[in-house]
Every structure is written in structure tokens, then in C-alpha cells.
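See below for the structure under consideration.
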Amino acid sequence: MVELYSGGAYLLNGTELIPDDQQAAAAIQSKTGKEISKAEAAKGTIAYHILKEHNTSGNMEKLKIRFDKLASHDITFVGIIQTARASGLEKFPMPYVLTNCHNSLCAVGGTINEDDHMFGLTCAKKYGGVYVPPHQAVIHQFAREVMAGCGRMILGSDSHTRYGALGTMAMGEGGPELVKQLLNQTYDINMPGVVGIYLTGEPVKGVGPQDVALAIIGAVFDSGYVKNKVMEFVGPGVASLSADFRIGIDVMTTETTCLSSIWRTDKEIEEFFEIHGRKEEYQELNPAEITYYDGMITVDLSKIRPMIAMPFHPSNTYTIEELNANLEDILEDVEKKAKVSLDGAVDFTLKNKVKNGKLLVDQGIIAGCAGGGFENICAAADILKGSYIGADNYSLSVYPASTPIYMELVRNGCAATLLETGAIMKTAFCGPCFGAGDTPANNAFSIRHNTRNFPNREGSKLQNGQISSVALMDARSIAATSANKGILTPATDFDGPIGKYKYHFDSKIYENSVFDSKGVAAPETEIQFGPNIKDWPKMCALPENLILQVVSEIHDPVTTTDELIPSGETSSYRSNPLGLAEFALSRKDPAYVGRAKAIQVAQTAVMEGRCPLEEKPELKAVMEAVNKEYPEVGEGNIGFGSTIFAVKPGDGSAREQAASCQKVLGGWANIANEYATKRYRSNLINWGMLPLITKTPDNQLPFKNLDYIFLPDIKKAVEEKAECIKAYVVAGSELKEFELSMGELTDEERQIILKGCLINYNRVS
């Protein structure tokens, strides 16, 4: 079904694979009559060509990328624009689209969501951007319909910024990376590895894009096979997939922890652009005659079967047939994983969902950038036609990804078919994906065609004793389950027809609702602020020496950004840095905020010219221990703050608040065995936090929660690019030495850390 090469591979003429072994050169010579070095063949990837076109450094090993377009939604664009404004923003230097698909419901927090929307509209006018009103389109569907183009690059402040199926290399990053683009700076990375995804065959009836995506995620996540690399989809199987099908696979590549994705393009993609009135954006993209990939994954599409990702991660995958055949064993394993993910905060079981040997589901959702596509919903309608979801507790909600899709579903009758079953059709909204809509009942089990099923992401609250859970599935199998009134059913059991529907894009919908400045700024426009929109608090430069208190210790194998800053109702406060920070780690470590504030008072005293030891008396003993070996450390050269330890933090969302909330609460660092994603590490750096790494296993750490750590000459270590950072645990009156590191940092990243944050680095006085 899905196989991973142990090393790299060559692709000849887009069709033939040759493993990178001792016979590779001879095989290439005999088949092509050519000799080529591995380095030269690596330049044959589609990814290399696009990156080269957008690189401004002149060095393809050290990239400085300028993107063609930017995109943000209403959880992130206020903070991004506020940061850029503090740094002297006068005009958006490239097309920047502000969508409103996350904070679309305004019942929580009074006027604050709509205040954010009006902020966005007035900024689009003032700086020359594009504003998409609430409920018109989710961010990624609008980008597909209006922004993407073959050979282009798009940067978005949402982790699922993936338009590779349309020939666009897109990356999801934290807001500060978009700020850099707005200030005519660059996205700086080493040339990423490129992994080929070689598709063969074609999917059987009932198998959809989510099934293929979950099969790949399940195969690669634990090993990190594609971590921070580009996934390049090639092979004859690509031609068997429609544009919508490719898009549905592509958007889920984020869950592999890859950096970006790109696909070869053909007449299917040309037709997509033609349908959307943008045929000029199409160009055929293919790898070179001889292309080298740093890794290779082969996927036989004909062997993929309906998949399910059980709680609490998209990589926790099984075929639905396998799950149904081994319910007790698999549900037992899910319970074991839950004890880790939920820290034993609540009792969790799905075994009580088994009735007469069948797994009974409480809710189905087809939504967002992954599930809300035209073909997915049409297929669901065909499978459900003539059936009824029943009048018991099971419910089904369908969210088309944009109003143009919704309109076409109305015109072709699929909307009526779905509504007749008892399902509900709703407007374009990302809520079900991050806990702002359709939160199931306590102990309920939801199956969803959306992007993630992390703990509590669907809206439950452990601190209130509330727990529900989500499994990821394809729209087709959700429809088959719905037709079976909630009994888990793979769509391959459906024996009726699934039609192929022609899509017509109605451009008038956006012409009549979306504000598009066409790149023309109106600087006289007054920005509309709401009372919840606050400026970033003052942040100081990195001190010469640091004393950090460990205020949270997380030993889960992976820590998601949703655990660092919960999604859901907290999103209403995303424009209020201090207000949002109150929610930091609230579902993972409720004591975190209080502990962070308790040590922050010392740094506040330093910044205000008061004695930190008087504000935090327990620091007197800490300073006495430090001064035994470092008598010169004291007033004028010492700073105080907090740090957290997590084994592997940062999987999931790109939103910067996972780092910025720690920063505004006085955080100076994270300590980790490794960082789950490049984007989370970048967020730490852009907020002036040290991305510290320890090689010590988490069960042998030299420190524990609430310990103090002393970092002598930390400023000098950053300035001088020290590979090893000397650190001490303050143990009573003694200092116990251990080592940390930070990994590779660019010169610009070092300056950002030294200045204290990206705002300080760019600030216009």
C-alpha cells in the first residue's frame, strides 16, 4: 500500500525508479545513455526549480525566499499587522489576503470577533490588500480558487497552507515570518531535502483523498521520514486523480510534518484553472529526465482502503475493516494512548460505543479545507441518497469550503439530497477543525473529514471534566456510516453509483462580496480598532546572563501547539496578547500561568529599576549560589524569566501564539530533546526565545519542574555562535553544570534573539 525506501532514489522520465545503490550509476547509463552526478540530478526536482526562482541569496544551500503572495485568517492577521505596523509598515508589498473563516461566530466575547474583521477590512483598504468576509470561504479554498498558480510560492499563517496539487509551493508559518515578507525581508532556510511520492494505480470506488492521506501519514509520521522536507508527488498514478482528489491529499501533508509539497501538473490542473477563469496561471510542471530524490515513498492507490485515524493524532491510523475486525484490541490501545495524551485527567473509553459487536458513532462532520471540497460532498450525497441519518442522537453536518461550492451544490441538487437525509448544510467555516463549532457531547465520538483530531481540539475541556474525541475519515465513509445511522461503515461497502459532477465556478459571488484593492493602498484610511485589540507589551533585549525557572515539565512523546495554547473559544482573544496568554497551557498544565507570572515579577522589577530580589525573595538564595562561582553577576547584567521543558514540542498549528503567549508571560526559552516542526522553532526565535536543545533523555534530566537554571554569558554565547551552551541547575547552595545547544541559527535569527524579539529587531522609534 505505502512503502518507504531506506535511502534516496532516482526517477527516470517520470516513470521509472532506481534505488540509490552501487548499481544506480550503471543502471542510469544503460537506460538513458547519460552520466549524471547525484548533486546535479537533485536539481531536477520541481521543488528545486521553484525554490531557485524565488531565492534571492544566490546560494541554493542557504535560501532567502521572497514569496509571491501571503494569506492569513482572522485568528492571526491582527497580530501580524500590528507587529508590522510597529515596524514601520506603509503598504503591503505583495498581494495579501485576509480571510475570516475562524472567528466567524461572534457569540463569545461580545463584539470582539467582528471588531477583528473590521480591523482587517480597514487594513486591507489602508495597505492595499484583499478582504474576504465571514462565511464566504475558508482560507485555503479561497487561495486555491483565486491565489494559486503553477510555479508560484505562497506563505500563509496557517499550518495547512498547502497548494502543491495546483503547482504552487506553499508553506504555513507563524505570523512573524509573514511580517518579514511585509517588511521586504526574506524567509531564510537551508535547502530542504525533497522526498518523492511515487503514485501508481488508481483508487477503487469508495476510497477518497483522506484515505490516501491518512495511509501516508500513518506510514511516515513516527519515523520523521519527511520532517521539514518537501513532498513531491510524481508517477503515473497522479494522472488517475482529479484536481479535487489531489487537493484533498495535499492539504493533509501538513500532518506528516513536512515543510511543503508540490505535484507534477497536467490537463486536470489546466482544467481547474480554466474553470476558475485563470487559465494563464497554468504551466506544466514535471521533474527532469533524470531526477534524484533524498527519499522515496511508493503508494499503490489501488491497494488503499477506507482509513480511520483514531484519537488523538492523525497518524494513529487503521483501515476501517481492520478496526471493525479488532475492536477490543484497538480500543484498548486508544485508551492507553489517552492516558498519556490526557494525563489521566478524565476517564476515557470508547469501549462503551460497541453495540452488538459494532462501533457506534455519535456525530459526523464533513468540513473545511480538507473535507469541504466539491467532489467530496457530491460523493457523500450520492452515498446518502435515499437514506436517512435517523432521529436518534446521531447527527451530520456538512460545511462546503466556499460559497461558490455551496452554490454549485444547490444548483446540481446535491444540497437537497443531503438536507433530505436529515443532515445540516452550513456555511464556510473552520470551526469544527479547532473546537469553535459542533463540539460533541461529553464522552461522544465524532468522525470528521477535517484536518486534525488532537486532544481537546474539538472543544472539550479536561479542566471541567469534559471529554469527547474525534476520528478522521473520508467524506465517503462518513456518508456510508451516516446512511447506516452511525454504525461505523467503510464506503467500499456501498454498492450504488458515485457520479462525476461537472463544476462551474461562479466568480460573481466574490466580485459582489470580497474587497480587493488591486494592490492600491489608501493611506488616508483610518484603521478601525475594537476595545480588545491591544498592542504587544514592551519586551527587552536578551540580558548578558539569565536565571530561568522551569515552570512546566511535559513528558508526552509529542506536544502539540493546541496543548501550548488551546484552540476554540480562546481564539476570540487572539488580538489581545495578555488576554490570550491567560489560556497558555491551560488544558495541559493549569498551573503554568501562575508560575510564569510569579517569576516574571523579577524581570519586571529589573526593567523598572527596582530590586528583583525584593519582589521575589526566594531568588536571594539562588543569587548567592550563583555569586559563589560568578561574583560579577548581578545588577545591570542579569535577567530573570521562565522556561518549559517538553520532549518534542510544536506539532500542529502554525499560529505564533504558542510561543508569544509564553513570551509575554516572561518566557525566555524552551528546552526540548527536539522540535516537532520548523515553524514552531521559528516562532520561538521570532519572539526572542532561545530554542534550547538537550541531548539528555527526558527521564534523566538534570533539572525538574520549579528548579532554577543559570545561563552564564548567554548573550555572548548567542553573539559568538557557541555550539555548546554552559548551563547550571541551582541545587541548594551549589551549581550543577550541564550542557545545552541551540542548533543552527542564521545571523538574522541571532540578532532577533539578541534584540529580544522580531518587533524590537525591526522597531521604528
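Checking segment 58-74 against the condition returns a match, with at least one residue being buried (at least 22 other Cβ atoms within 10 Å of the Cβ) and of a type in the set (D, E, K, R).
For (1) of a type outside the set (D, E, K, R); (2) touching a residue at least 12 places away in the same chain (Cβ under 8 Å); (3) at positive phi; (4) surrounded by fewer than 24 Cβ atoms within 10 Å (Cβ to Cβ), each residue gets a yes or a no:
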site: 554; (1), (2), (3), (4): yes, yes, no, yes
site: 558; (1), (2), (3), (4): yes, yes, no, yes
site: 561; (1), (2), (3), (4): yes, yes, no, no
site: 565; (1), (2), (3), (4): yes, yes, no, no
site: 577; (1), (2), (3), (4): yes, yes, no, yes
site: 584; (1), (2), (3), (4): yes, yes, no, no
site: 589; (1), (2), (3), (4): no, yes, no, yes
site: 596; (1), (2), (3), (4): yes, yes, no, no
site: 600; (1), (2), (3), (4): yes, yes, no, yes
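Per the listing 716, 695, the residue uniquely part of a loop (DSSP other than H, G, I, E, B) and either surrounded by fewer than 21 Cβ atoms within 10 Å (Cβ to Cβ) or acidic (Asp, Glu) (or both) is 695.
Taking the criterion of being of a type in the set (Lys, Arg) and closer than 22 Å to residue 314 by Cα, the only residue of segment 241-283 that qualifies is 246.
Filter segment 493-520 for residues that are of a type in the set (Asp, Glu) and not in a helix (DSSP H, G or I) and give the result. 495, 506, 516, listed by residue number. With (1) in contact with a helix residue (DSSP H, G or I) (Cβ under 7 Å, 6 or more places away or on another chain); (2) touching a residue at least 60 places away in the same chain (Cβ under 8 Å) as the list, and residue 645 as the residue in question, which single condition is left unmet? In the conditions (1) in contact with a helix residue (DSSP H, G or I) (Cβ under 7 Å, 6 or more places away or on another chain); (2) touching a residue at least 60 places away in the same chain (Cβ under 8 Å), residue 645 misses (1) alone. Among the residues of segment 649-657, are any farther than 18 Å from residue 695 by Cβ, polar (S, T, N, Q) and at pLDDT below 95? Within segment 649-657 (the criterion being farther than 18 Å from residue 695 by Cβ, polar (S, T, N, Q) and at pLDDT below 95), the answer is yes, since at least one residue qualifies. One residue stands out in segment 722-750 among those that are among the polar types (S, T, N, Q) and under 30 Å from the mean Cα position of the chain (by Cα): the one that is modelled with the highest pLDDT, namely 741. Close contacts from segment 711-722, counting a first residue that is under 19 Å from residue 627 (Cβ atoms) and a second that is at pLDDT 95 or above, with Cβ to Cβ under 6 Å and a gap of 6+ residues or different chains, come to 711/546; 711/727; 712/545; 712/630; 714/546; 715/542; 715/544. Within the set 344, 364, 372, the sole residue that is at positive phi and among the small types (Gly, Ala, Ser) turns out to be 344.
Once segment 663-677 is narrowed to residues that are farther than 21 Å from residue 698 by Cα and not in a loop (DSSP other than H, G, I, E, B), the residue that is nearest to the chain's Cα centre (by Cα) is 663.
The values are calculated or read from the model by the stated rules, or taken from the named source; none is laboratory data. Predicted model, so just to flag it, every value in this text is computed and none were measured. Counting neighbours? That spans all protein chains shown, and the Cβs are built from the backbone with ideal geometry, glycine included.
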